[in-house]
Amino acid sequence: MSETSRICSWKIAFALDNPIRRLIHNPQNILGGYIKAGQTVLDLGCGPGTFSVAMAEMVGESGKVIAVDVQEEMLKLVREKAARQGLQARIVTHKVGPGGIGLSEKVDFALAFYMVHEVPDAEAFLKEVASLLKPRGKLLIVEPKMHVSEDDFEKTVEVARRAGLKIVSEPRVRLSRSKLFQLGSG
Ligand SMILES: C[S@@+](CC[C@H](N)C(=O)[O-])C[C@H]1O[C@@H](n2cnc3c(N)ncnc32)[C@H](O)[C@@H]1O
């Protein structure tokens, strides 16, 4: 599979951001327990911003969301959606380059929703994500059951462990496999 063919195109962004999706994957239900006001959080592979914009509500006026994607078109959709909801001041968009994510700011929480299976080098990617977490910062990885087998998800979990992340819990997310990790804790 080529590197671009595995990526979910911005042309089908509507499939990721619509009322039915938000009913199935309600951002508040999934993330509300992990994100607090004032935090800096990262939405990796943000797509059209279903989670980024909800995360911006959760971090409040003093918090910040960094929405990251490889597709500039997706980031544009996030900016437009944030502006429509008056949340643009809390969201920064960042395009991933060929050498990796390329951020230096540390975050309290990172989300990788339905995106790790699209990343060609998960090992390098998760190492970089771990380096961006504050001490005891958390990472939630959610993968679609439809595209990611139990075995493949376990491989991702192993890669995350090698990056220094420890499993905290296995939150239930509809139609998905998921694990919550924390940097440097049992
Ligand atoms: C299936 S979509 C999921 C979007 C969003 N997380 C959601 O659940 O609505 C996967 C997204 O990950 C992005 N992506 C793929 N590889 C990436 C990488 N290496 N770094 C950042 N984003 C990536 C794609 O461009 C796409 O927007």
Subject >> Qualifying positions in the stretch 22-32 - in contact (Cβ under 8 Å) with a residue 24 or more places away in the chain and either under 13 Å from residue 54 (Cα atoms) or among the aromatic types (Phe, Trp, Tyr) (or both) >> reply: 22, 25, 27, 28, 30, 31, 32
Subject >> Criterion: open to solvent by 80 Å² or more (accessible area, probe 1.4 Å) and touching a residue at least 12 places away in the same chain (Cβ under 8 Å) - qualifying residue of 161, 174, 84, 90 >> reply: 174
Subject >> Matching residues, the stretch 10-60, being closer than 15 Å to residue 113 by Cα, open to solvent by 20 Å² or more (accessible area, probe 1.4 Å) and polar (S, T, N, Q) >> reply: 26, 28, 29
Original post:
Within the stretch 74-97, restricting attention to residues that are more than 14 Å from the chain's Cα centre (by Cα) and within 10 Å of the ligand (Cβ to nearest atom), which residue is nearest to residue 39 (Cα to Cα)?
Top reply: 77
Original post:
Which condition number does residue 184 fail, the rest of (1) at pLDDT below 95; (2) in contact with a helix residue (DSSP H, G or I) (Cβ under 7 Å, 6 or more places away or on another chain) being met?
Top reply: (2)
**OP:** Test residue 6 against the criterion of being among the basic types (Lys, Arg), in a loop (DSSP other than H, G, I, E, B) and either closer than 17 Å to residue 115 by Cβ or modelled with pLDDT of 95 or more (or both), and give yes or no.
**Re:** yes
Subject >> Subset of the stretch 53-73 (residues that are part of a helix (DSSP H, G or I) and either touching a Leu at 6+ places or on another chain (Cβ under 9 Å) or away from the ligand (no atom under 15 Å from the Cβ) (or both)) >> reply: 53, 54, 55, 56, 57, 58, 59
**OP:** Name the one entry in 23, 42 that is more than 9 Å from the ligand (Cβ to nearest atom), at pLDDT 95 or above and closer than 15 Å to residue 173 by Cβ.
**Re:** 23
Original post:
Among 95, 138, which is the only one that is surrounded by 18 or more Cβ atoms within 10 Å (Cβ to Cβ) and basic (Lys, Arg)?
Top reply: 138
Subject >> Checklist (1) open to solvent by 10 Å² or more (accessible area, probe 1.4 Å); (2) within 17 Å of the chain's Cα centre (by Cα); (3) more than 21 Å from residue 46 (Cβ to Cβ) applied to residue 152, failing item >> reply: (2)
**OP:** Working carefully through the options 103, 132, 111, find the one that is within 14 Å of the ligand (Cβ to nearest atom), open to solvent by 20 Å² or more (accessible area, probe 1.4 Å), in contact (Cβ under 8 Å) with a residue 40 or more places away in the chain and hydrophobic (A, V, I, L, M, F, W, C).
**Re:** 103
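The values are calculated or read from the model by the stated rules, or taken from the named source; none is laboratory data. Fair warning: this is a prediction, and the values are worked out from it, not measured in the lab. Note that each Cβ is placed from the backbone with ideal geometry, even for glycine, and that neighbours are counted across all protein chains shown. The accessibility values were calculated without ligands, DNA or RNA, using every heavy atom of the protein model including side chains. Shrake-Rupley method; radii C 1.70, N 1.55, O 1.52, S 1.80 Å.
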